[in-house]
Structures are given as C-alpha cells and as structure tokens.
Amino acid sequence: MSKKREYIMWSGNVRNLSLPERIRATAKAGFDVLTISPYDWLEAMRSGISTADMRAMASDAGIRIDHLDPLAKWAPQWMPDNITEPVYLNFLACDVDDFFRIGEALQVTSMSAIATYPAGVEISIDELTESFARLCDKAANFGIRCDLEFIPMWGLRDLRTAWEVVKGADRPNSGLLFDFYHYTRGNPDDALLETIPAEKISAVQIADANATINPNISLFQDCIFRRVHPGDGAFPVTPLLQLLERKGALSRLGPETFSSVLDAMSADEIAEVTASKFAAALDRAGIEHDFAARG
C-alpha cells in the first residue's frame, strides 16, 4: 500500500443518529471522514449546533466532515417522478448557491452531484456536460472537487453516461463517485470500468444487496432500505474491489449501507458492525489496508 487510503463513513450508515452521535460512531469505527448532506446540516443547525461547532466536534473526535452530498439542482431538470414523500424531496431540493454556501462554511473539499430527473425525460449528453462543467467551475472557486454519481432509478442512470459527461466536461476538479449498488443494479460494464483513469474515480461506496428486488417494492425503496453489509448479499463485491484496486482507484472508500436494520441501531452498534463488515470485505478481496476500529 504505497499511499494511505482515506476511509469514509458515508452518512447513509448513520442517518438516523443525531450529528454528535454520527461523529462518535464514525470515530469509534475507525473512519477518517464523515459525509453530510445540506438537509443534515440544516437539521443540526436547528438543534442549536453551529457550523463552527460541527467542525470542532469532528476535530475533537479525530475525524473530518469533508464531503457534502448530494446536489441535484445543477441539472437542466431535477424533479423526480418516483418520489412523493416531502422528506425525500426536501433532501434533494437544495439550491446550488445555498449548497456552496454550506460547503464553504463547513470547509469541505469534495461534493457529490446527482441527476434526479425522470428516466423518460430526454436531456442530451451535451446539455448535461455543459451544466456539469459550469458546476465544476463554480465548485473550483471554493476549492471543492465535484464528483458525479450515476443512479439507475433516474435520468443519469449508468457508468457510461456519467463517464461521457465527466470526460466531456474535462475539468481538473471533477471525477466519478462509484457506488456498487447503482453500478450493479444498473448497467454494469466492467470492460468500460477498466478503461477509466484511476484518478477520475474520486471515491467509492461499497454496497451489497439481494440478487433480486422484492416485487412488492420499488428500486428506490430497495436502494434506501434494503441494502446489506458488504459480503452479506449477492453483489460481486470482491471482484469489484479487486478490479478497482488493480487500477489504483481505491484511495477514498467506505461502506454505504442504507438499511432499515441499521436505522434501528445505536451509534455503538453501528460502529461495531460497520467496521467489522468493512474490514472483512477488504480482507476477502486481498486488499492491503490499515483500517481498524478505534473501539
């Protein structure tokens, strides 16, 4: 392992905890970074925790809050057609300028951009690329790297499309956010993945799930409630980790387990199970690492 990896606690693992408990779980589990959404930032502010307090609490715990996720309103259209619950729409509804004001206040160095417009809406690659390039330029003014994430339930749905946009935008502060769930449930293309430069895979979200989706629920519901820890499902977690490691694309990584099971757990329980399952996944893949829970 020539370069120290950065281990990320993606906020989906700890979404039902308060921010102080999220920070404690992240530190206890041994991760370096906790991600945050604009919605989570606002909820913490409403609870009386200032932005300066957030940074100080993270620093005192030995971690950083250093990725703002997600931004949807950068795209020519953003309103999804498969979400009606206000809480989820509010999660996606942050304006671009407000998003960067939050990012600047938190002093984050990276962000995620997603495209949540309906899959049936026709937006050309050129339109998406132009919008994404403008977003990257705006992010650069704040010293923020802009990572594009593809999600199969919406318009920008697969690796090929996302890579066309990132490659076409050709911005030095851009890359792909690679989520095992979205890749496997969408249109997996290992041959294409092999060709993408490692430096353009900015961060990795390791996820697992059952081979098939329960016919009584939607892809969206499966995505946000039915993920399982890496190694507990049917996804090709080990081969994907090995492919990305061969490329040198595992510099920033962590598990992202949106799960109703995790939602019911305490911070201590989440820290323990998330750390152990993550380390086991790396070990099974033969990935050299220095990840260890702090206890």
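Taking N as the residue count of the range 106-153, its C-alpha radius of gyration divided by 2.2 N^0.38 Å amounts to 1.27. Do the sum for the chain: with -39,500 (n - 2.57) for every DSSP H run of n ≥ 4, divided by all residues, what is the mean residue ellipticity at 222 nm, to the nearest 500 deg cm²/dmol? Using -39500 (n - 2.57) per qualifying helix, the result is -12500 deg cm²/dmol. Could you identify which residue out of S37, S110, S276 has the top mean-square fluctuation in a GNM of the chain using Cα springs shorter than 10 Å? Largest GNM mean-square fluctuation: S276.
In the calculated pair distance distribution of the range 151-228, what percentage of Cα-Cα distances lie above 18 Å?
Everything past 18 Å amounts to 42 percent.
In this simple spin-label approximation, Q107 and A140 carry label points 7 Å from Cα along the Cα→Cβ vector, and these lie 2.4 nm apart. Once the chain from E122 to E269 is taken as fully extended at 0.36 nm per residue, the excess over their C-alpha distance is 48.5 nm.
Rounded if a/c is under 1.5, else prolate if a/b beats b/c, else oblate: with a ≥ b ≥ c from the C-alpha gyration tensor eigenvalues square-rooted, which is the range 193-295? Oblate, because a/c is 1.5 or more while a/b does not exceed b/c. Spatial offset of the range 105-144 relative to the range 218-238 amounts to 26 Å, using the alpha carbon center of each.
Given 10 °C and 1.306 mPa s, how large is the Stokes-Einstein diffusion coefficient of the range 14-73 in µm²/s, with Rh as the Kirkwood radius over Cα pairs? Result for D is 137 µm²/s. Our summary gives the chain a relative contact order of 22 percent, counting only alpha carbon pairs under 8 angstrom and 6 or more residues apart.
Full extension of the chain between R284 and R160 yields a length gain of 41.8 nm, computed as 0.36 nm times the residue separation minus the alpha carbon distance. Reported value for the range 1-145: 136 Å³ per residue, from the convex hull of its C-alpha atoms. All distinct Cα pairs of the range 138-274 go into the 1/r average, and the inverse of that average, the Kirkwood radius, is 15.9 Å.
Carbon and sulfur: what percent of the chain's accessible surface (1.4 Å probe)? That share works out to 49 percent.
Which whole-number value in Å² is the accessible area per residue of the chain, probe 1.4 Å?
That works out to 41 Å² per residue.
Please tell me the relative contact order of the range 143-295 in percent, rounded to the nearest whole number, where contacts are Cα pairs under 8 Å and at least six residues apart. Kindly include the intermediate steps, with their values, before the conclusion.
Details: 225 pairs, mean separation 30.3, N = 153.
With pairs under 8 Å counted, the relative contact order is 20 percent.
The share of alpha-carbon pairs in the range 102-189 lying farther apart than 17 Å comes to 46%.
Taking only the Cα atoms of the range 246-288, the radius of gyration and Dmax are 12.4, 37 Å.
The spacing between the range 84-102 and the range 1-36, judged by their C-alpha centroids, is 22 Å. Here each label is just a point 7 Å from Cα along the line to Cβ, and for A211 and A293 those points are 3.1 nm apart.
The values are calculated or read from the model by the stated rules, or taken from the named source; none is laboratory data. Here the structure is a predicted model, which means the values were calculated and not measured. Every residue, glycine as well, gets a Cβ built from its backbone with ideal geometry; the counts of neighbours run over all protein chains shown. These area figures cover heavy atoms from the full protein model, side chains too; ligands, DNA and RNA do not enter into them. Shrake-Rupley method; radii C 1.70, N 1.55, O 1.52, S 1.80 Å.
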